[in-house]
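Q: Structure incoming, see below.
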Amino acid sequence: MSTYRLIQAVSLIVILIMILTGCTSPPATTAAPPKPSEPVEVEPPQTVSAALPSPSATKPEASATPANKPVQETRPTASASPTAAASDTPEPTATEPLAPGSYFRTGNPIVVDHTSVALFDQIPAEYLAAARKLGVMFADRSVGANIDEGLDCLTASSWASAPAHCRTDYIGSSWNFQTYTSDAPARISFDPDPLKYDRSNWVFEMHSGEWWKLTEDFITNLAPKHIDTADVLSYQITYLNVDEHSDIMDPNRGFFVDNPDRYDIYDLEAYMSQHPDKVFPIWTTSLARAIGTQASTDFNAKLRQYAKERNLVLFDVADIEAHTDQGSPCFDNRDGVEYCSQNGKCENYPDDGMDFLAICQDYTTETDGGHLGSVSGGKIMIAKAFWVMMAQIAGWTPNP
């Protein structure tokens, strides 16, 4: 058999074998096809949640809200049903009591007023030490600077070596004053100690403006600046913010109203609630000889109630300034009694028939103002009360 015939026979046999084994085509004589790509895992479709959006996603913002004011959803709100629509969840009014210690502090509220000044000499050494370790930031205008000076007075090595502004008082009932070297009246008597009353961890920040600007500055600037190092943070609204023309107690635009374009008590609550590990003392206002007003009286009364309802720390500066060191109340200068300042300037406003609590005459040399710089009694008493407050924050409970 020729070679050609042999090849044809073999090919025929191969074809018959392929047919018998199920193959329908001869093996490819070309190069092997490329290896198919690796399979791709297809992620199963996600189930779409039917939950309602959070209140913060649906709550509209007022068009007048400034760009840097915290959005309203950060404010503490009353507990609501999980299925309630956001618009159905009312925000608390400023007078609605929150649960005691809900996010500020637990236990009974701390109130430091004119009756607390005498506790200064009773603070145990261990609580003075604990208070010294606390980081503190407080902000105020010029009266706060006077209080800051008063705290420094207590760090002198002795009373006699303290700066003159720490030891200055009136003589008798006149407006003349001098620096005493002995027999100092009780209101400027103190036993300083640079170690015992070391306040190097306590920082004062100067700020100014309208009451809503002071609140804004505290929330957006000063408190965030110190929040990582301070344990206690606070600010004071001053007597210039509670004069007879003030709108601080306006029922539509005041401090205790939820304003869309002003920083108010709601914004302060929101910021405090975000930092439950910090203490935020609430201060009543400073006062002046001409302020005492209806606004200052109403505002301070409302703030005292607010602090009590929420178990807050209340530093009642207004009450301290409006009482003598013997505990007698002091009233505004619209009483028909002549007062003369150290430079001979006098006032003799007619009696308006109304008595508003105001800074005592012996705590300032001003006829209308309320600075504590020229005489020492007011700022020394407030500095002592500040230590009483700090010791209580540190855990001290004075004997009743």
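All of the numbers you see were taken from the coordinates with simple rules; none came from a lab. Every value quoted in this text rests on a predicted model; they were computed, and no experiment measured them. Neighbour counts run over all protein chains shown; Cβ positions are idealised from the backbone, glycine included.
Q: Points 7 angstrom from Cα along the Cβ direction at SER161 and CYS340: gap in nanometres?
A: 3.9
Q: Given the options VAL242, SER208, TYR197, identify the residue whose Cα lies farthest towards the positive end of the charge dipole of region 192-245 (+1 on Cβ of Lys, Arg; -1 on Cβ of Asp, Glu).
A: So the residue we want is TYR197.
Q: Using amide H atoms built in the peptide plane, which far-off residues or other-chain residues are under 5 Å from VAL203 H to H?
A: The answer is VAL136, MET137, PHE138.
Q: Between GLN122 and THR220, what length comes free when the chain is fully extended (0.36 nm per residue of separation minus the Cα-Cα distance, one decimal in nm)?
A: Working it through step by step, the gained length comes to 31.5 nm.
Q: Per residue of region 307-324, in order, report the coupling 6.51 cos²θ - 1.76 cosθ + 1.60 (Karplus, θ = phi - 60°) as ³J(HN,Hα) in whole Hz, putting x for Gly and Pro.
A: Karplus values, whole Hz, x for Gly and Pro: 5, 5, 5, 9, 6, 8, 8, 10, 9, 8, 4, 4, 5, 5, 5, 8, 9, 5.
Q: ³J(HN,Hα) across region 285-292 via Karplus (A = 6.51, B = -1.76, C = 1.60, θ = phi - 60°), whole Hz, x for Gly/Pro?
A: 6, 6, 10, 9, 5, 8, 9, x
Q: Computed FRET efficiency, Cβ-Cβ of ILE227 and SER328, R0 51 Å: what is it to the nearest 0.05?
A: Given R0 = 51 Å and the Cβ-Cβ separation, E is 0.80.
Q: Separate question: If R₀ is 25 angstrom, what is the calculated FRET efficiency for the pair THR179 and ALA130, using the beta carbon separation as r and rounding to 0.05?
A: Given R0 = 25 Å and the Cβ-Cβ separation, E is 0.15.
Q: Pull up all non-local amide H partners of ALA156: gap of 5 or more, or a different chain, and H-to-H distance under 5 Å with H placed in the peptide plane.
A: Under 5 Å from the amide H of ALA156: ASP193.
Q: Next question, about the same structure. Amide H of PHE331: which non-local residues (sequence gap of 5 or more, or other chain) have their own amide H closer than 5 Å, using H built in the peptide plane?
A: Sorted by chain and number, the residues that satisfy this are ALA358.
Q: I've got another one for you. What GluC sites (Glu not before Pro) in region 332-375 are in a loop by DSSP, with at most 11 other Cβ atoms within 10 Å of the Cβ?
A: GLU338
Q: Still on this structure, please answer the following. For ASN348 and ASP198 in one chain, what is 0.36 nm times their gap in residues minus the Cα-Cα distance, to one decimal in nm?
A: 49.7 nm
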